[in-house]
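Following: one structure in structure tokens, then a few remarks.
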Amino acid sequence: MTTSDAGALSIPHGTSARDTPTYLGIAKTVRSWALTTDHKRIGVLYLFTTVFALFLGGLFALILRIEHLTPTRTIVDAYTYDRLFTMHGIVMVWLFMIPSIPAAFGNFLVPIMIGAKDVAFPRLNLLSYYIYVTGSIWVLVALWMGGCDTGWTFYTPYSAHSPSAVVPTVLGIFVLGWSTIATGVNFIVTIHTMRARGMGWFRMPLFVWSMYGVSVIQVLATPVLAISVSIVGLDHWLDWGLFDPSRGGDPVLYQHLFWFYSHPAVYIMILPAMGVISEVVPTFSHHAPASYDAIAYSTLGIAFVGFLTWGHHMFVAGISLFDAAAFGVLSMLVAIFSAIKVFTWVLTMRGGSIVLRTPLIYFFAFLFLFVFGGMTGVAVATQSLDVHWHDTYFVVAHFHFIMVGGTLTAWLAALHYWFPKMTGRMYPEGWGIASAVLVLVGFVMTFFPQFLLGNAGMPRRYYNYDPRFQPLMVISTVGSWLLGLAMVVTLSYLVVSLFVGKRAGDNPWDSRSYEWYTASPPPTHNFTSEPAFVLGPYDYASPFPGLPRAGVDADAPEAPPPPRRS
Amino acid sequence: MNWLRLLLYLPPEGSTYAAGIDRLHFAVIGTTLLGATFVFLLAVYFLLRHPRRVEGELTQPLRTPWPVELLVVVGLQTAFLAFWVVGAIQYDHVMTPPRDGLRVYVTAKQWMWKFGYPGGHSSIDVLTVPAGRNIVLVMTSRDVIHSFYVPAFRLKQDVVPGRYQTAWFRSDLPGTYDLECAEFCGTGHSTMLGKVRVLPAADYARWLEGAPTLPAADAPGADGDLVASGRDVAVRRGCLQCHSLDGQAGVGPSWARLYRSSVALAGGRSVVADEAYLTRSMMEPQADVVDGYRAVMPTYRGVLAQPEVAALVEFIEALGSAPLSPSVTLPRVVPEEEGRPQEPKP
């Protein structure tokens, strides 16, 4: 079967994705990067900036863990400790996790996956990057001014009277929110209006569905965060007292507003991760998803029900029995959507042709962390159990497993899976597999002991702790070193591979997803002519039609048909 | 089940409801471990069962049979809902104080706990209670949000400034238990520790004799008859000039049959007259004005000591079953400079 009679692409022969310069090669000046409106270059800019944020937040985490080697002071004082865990949370949540997958990989991939030249508003896309940079700089300014010590939750009235730099911190978060909203609007319009001819909603790659769901959440939830933290800033700066009970305000109202954003925000972090996994599993299983519809609809289900569960963060804050019961049962409902996805991914492997590569190892790490973390999520949503666990290390371990473990492993899977697409080169597979295993070991070693600490009644954000907890604390700290080492190793071999990695070819994974229908790395306009995707994005029953190549046409000798799995 | 508790690092079961919560804990965590292991092993099984044999081999899509899908969804949802039902019932039990508790007033501030007992005693950081008796805590904060957490009781309740929150426990197991602040409250957060000392009844009585009490002027009396103490406080502080004890409406609503009744407030809301409401009405009388009455009561914040408030609440609770005045309707006492207020609802 040849390219021409496969008829999958209506790209006229003679013009080739190969012949046009890649998005990387077309210009190399600093200016061409700083003023680019190419969604791929903006994605790469986001990637580099978020990696910086990841290492900054990780550095804070390592200092925190070292501090906990002993029950009392080890290296920093209590006030510094408070500011470190606050800045760790802020940097990791708003500077790394929220933009990590959507803004970097989403930007790079969504237009290609739907066969578009770019996003709907390329200049808005660049603007949102600079808004992100501006917000990040404000957070760094706050850090330079001494940092903020309220916890990333900014609970009032403490945050209204905290001696630390609350105002620049919330200003930074306010600005970052604009970036998130702009990116979300851009993606929604792009996905609605710029899909290639003939591409219905249910022919989009599943990653695009997750980007759609996450964009809707971003646009709807982020304004609430912006309003809430602005009022916190004004309470602190001008003593407005809107959340201050001594002036007639209500601190519990703040918690409602904060969690109305911040619970959907955990889905902002995890939905893109789910999207990555929904691409990685079919590609490396060489098999269609067990149910495309189940994954697509559960994405929408999570995006919707995720808005109705915020009260489970407040079971001991003094909400009514009815509210607690309602939020409890809705939280159980949102868990079922995640469970559907997990089973669909696993059943996708059934009857596949599976090859174990680094991204799939990360899928296994994701699966372990996500399912265990998700089930402990069901546990903390069980009202009477949450009374004991709330604000203890159990909750810390739970959300690090599901939210951080899920997002970080999926982000690393994405980084390896799309590394050839973005750079045209391969990473070293042996190093990849080794560091993926080290990430999982380090992660579990860091956070599993924290489940037990929470059971024992160790509250979070404690500078001093009971000496009987020291063994578990030390294990956790050593685990964090392994995790840190794994991240440094990963970053190192990826940077080296940028320059000396083996040339990857256009579709090294033999994937059917649409981003592989163009050269790797792609040309600036993604496709050299309007693409028509005849095969589905997960059609592993048909051979890959291949890229059109200059000089290769029906006269070429016919390749032997690929073997079929019985 | 004790080995399981130790394996999971759970503290002793110091309260009457701790054992039930732990049983649910074991069920939920057991399901979690089994479920997570099953899914992971299933994925490993498929990985080993379907390795790629030839580069680029093609595969046919394999739709999971719908009964399997249905079974997974319904099965999981049933388990989750079962957790929810049991958890919600337990939660309602833990969050609803019994009527007959010994009331202790808890004031949290950076970074200490203060306890005021209805007998006029007070203590700092150590809460001393008798075993085998329901203890109802009425809690507020002076500055920022704190959280009253006794891991051994499986009890936690945020303590919010401007609000009165209740929590309760009963311990049948004398001993000393850790008390921790669980809501971040500043640099001293991890030092905001205390103890809950549960004494056998006889020891508790001996402790009462030797415990420090407030100055006589503020103490409602340490003779142990809390209701009588409450009546004394009500007389001494002038409460009874406006609040009757027999159901007659005065300047303020009567205290008879008030405790735990549903009270209609101005503006159409209604509220249950529990410990938190009664306490708040003394400290912030303007916050919840009863429908049909005018907001003329001054605040007693800084006037009433904690034990006095506790004694008053004891007294009002005792009036929960007071006889109502049968037939005589006294003329309403109306402040002279104002017009006649709207008649209170019966």
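According to the calculation over all Cα-Cα pairs in region A:407-553, the P(r) per 5 Å bin from zero is 2, 8, 14, 14, 13, 11, 9, 8, 7, 6, 5, 3, 1, 1, 0 %. Between residue B:62 and residue A:201, the FRET efficiency from the beta-carbon distance, with R0 = 25 Å, is close to 0.60. Just to be sure I understand the rule: take each whole DSSP H helix in chain A, project its Cα atoms onto its long axis, keep it if the span is 15 Å or more and its mean Kyte-Doolittle hydropathy is at least 1.0. Which ones pass? Those that pass (Cα extent of 15 Å or more, hydropathy at least 1.0) are A:39-67, A:122-144, A:166-193, A:206-238, A:292-305, A:321-348, A:358-381, A:429-456, A:470-500. Evaluated over chain B, the count of Lys pairs having alpha-carbon atoms less than 21 Å apart is 5 (only pairs 8 or more residues apart or interchain). Taking amide H atoms as placed 1.01 Å from N in the peptide plane, the amide H of residue B:168 lies under 5 Å from those of B:137, each 5 or more residues away in sequence or on another chain. Averaged over the residues of A:347-360, the number of partner chain Cβ atoms lying within 10 Å of the residue Cβ comes to 5.
Structural size metrics of chain A, computed from C-alpha coordinates, are Rg and Dmax of 23.9, 84 Å. Below 8 Å, C-alpha to C-alpha, sequence gap of six or more: please give me the relative contact order for chain B in percent. Rounded, it is 16 percent for chain B.
Protection proxy ranking of B:306-316, B:260-270, A:294-304, by the mean of other Cβ atoms within 10 Å over each peptide's residues and highest first, is B:306-316, A:294-304, B:260-270.
List the relative contact order of chain A as a percent without decimals, with contacts defined as Cα pairs under 8 Å and 6+ residues apart. For chain A, the relative contact order is 22 percent. Helices of chain B meeting both criteria, an alpha-carbon length of 27 angstrom or more along the long axis and an average Kyte-Doolittle score not below 1.0, with helices taken as full DSSP H segments, are B:18-49, B:66-95.
In region A:468-502, whose amide N lies under 13 Å from the spot 7 Å out along Cα-to-Cβ of residue B:176? List them in ranges. Flagged as within label range: none.
Quickly estimate the mean residue ellipticity at 222 nm for the protein assembly as shown, helices only: each DSSP H run with n ≥ 4 gives -39500 (n - 2.57), and the total goes over all residues, rounded to 500. Provide the component values of the computation, followed by the final result.
Details: 26 runs with 448 residues, N = 912.
Calculated mean residue ellipticity at 222 nm is -16500 deg cm²/dmol.
The residues packed around residue A:501, meaning those with a beta-carbon under 14 Å from its beta-carbon, carry a net charge of +3 if Lys and Arg are +1 and Asp and Glu are -1. Given R0 = 60 Å, the distance between the Cβ atoms of residue A:31 and residue B:195 translates into a calculated FRET efficiency of 0.35. As a proxy for reagent exposure, B:195, A:28 were ordered by neighbouring Cβ count within 10 angstrom, fewest first; the result is A:28, B:195.
With a 10 Å cut-off around each Cβ of B:140-148, the average count of Cβ atoms from other chains is 4. Cβ crowding within 10 Å ranks A:515, A:429 as A:429, A:515, fewest other Cβ atoms first.
If you add up the charges near residue B:267, with Lys and Arg at +1 and Asp and Glu at -1, over every other residue whose beta carbon is less than 11 angstrom from its beta carbon, what do you get?
It works out to a net charge of -1.
For region A:191-299, a Kirkwood radius taken over Cα pairs fed into Stokes-Einstein (4 °C, viscosity 1.567 mPa s) yields D = 78 µm²/s.
Taking each residue as 0.36 nm, the span from residue B:296 to residue B:42 lengthens on full extension beyond its C-alpha to C-alpha distance by 84.4 nm.
Between the residues A:434, A:252, A:237, the greatest Cα displacement towards the positive end of the dipole of chain A, with unit charges on the Cβ of Lys, Arg, Asp and Glu, is found for A:434. Derived scalar couplings between HN and Hα for region B:115-125 equal 10, x, 9, x, x, x, 7, 8, 8, 10, 6 Hz in order, rounded to whole Hz, by the Karplus curve 6.51 cos²θ - 1.76 cosθ + 1.60 (θ = phi - 60°), x for Gly and Pro. Here A:141, A:346 are placed in order of increasing Cβ neighbour count within 10 Å, fewest first, which gives A:141, A:346.
From Cα pairs below 8 angstrom and at least 6 apart in sequence, can you work out the relative contact order of region A:208-307, rounded to a whole percent? Kindly include the intermediate steps, with their values, before the conclusion.
Details: 80 pairs, mean separation 39.2, N = 100.
Once divided by the residue count of region A:208-307, the mean separation gives 39 percent.
Can you check what the net charge comes to around residue A:469, using other residues whose Cβ is under 15 Å from the Cβ of residue A:469 (Lys, Arg +1; Asp, Glu -1)? Charge balance near residue A:469 sits at 0. The mean number of Cβ atoms from other chains found within 10 Å of a Cβ in peptide A:286-295 is 4, as a whole number. Among all the lysines, which ones have a C-alpha under 22 Å from residue A:502's C-alpha, if same-chain residues fewer than 8 places away are not counted? Once the sequence-local lysines are set aside, what remains near residue A:502 is A:28, A:40, A:421. Here the gap between residue A:52 and residue A:448, fully extended at 0.36 nm per residue and compared with their Cα-Cα distance, gives a gain of 139.9 nm. Quick note on region B:25-177: its Rg to Rh ratio, both from C-alpha atoms and Rh being the Kirkwood radius, is 1.27.
Under the simplified labelling scheme, the residue B:85-residue A:308 pair shows an inter-label distance of 2.0 nm, with each label point 7 Å from Cα along Cα→Cβ.
Each reported figure results from applying straightforward, stated rules to the coordinates on display, with no laboratory input. Predicted, not measured: the structure shown is a model, and the values here were computed from it. We place every Cβ from the backbone using ideal geometry, glycine too, and count neighbours over all the protein chains shown.
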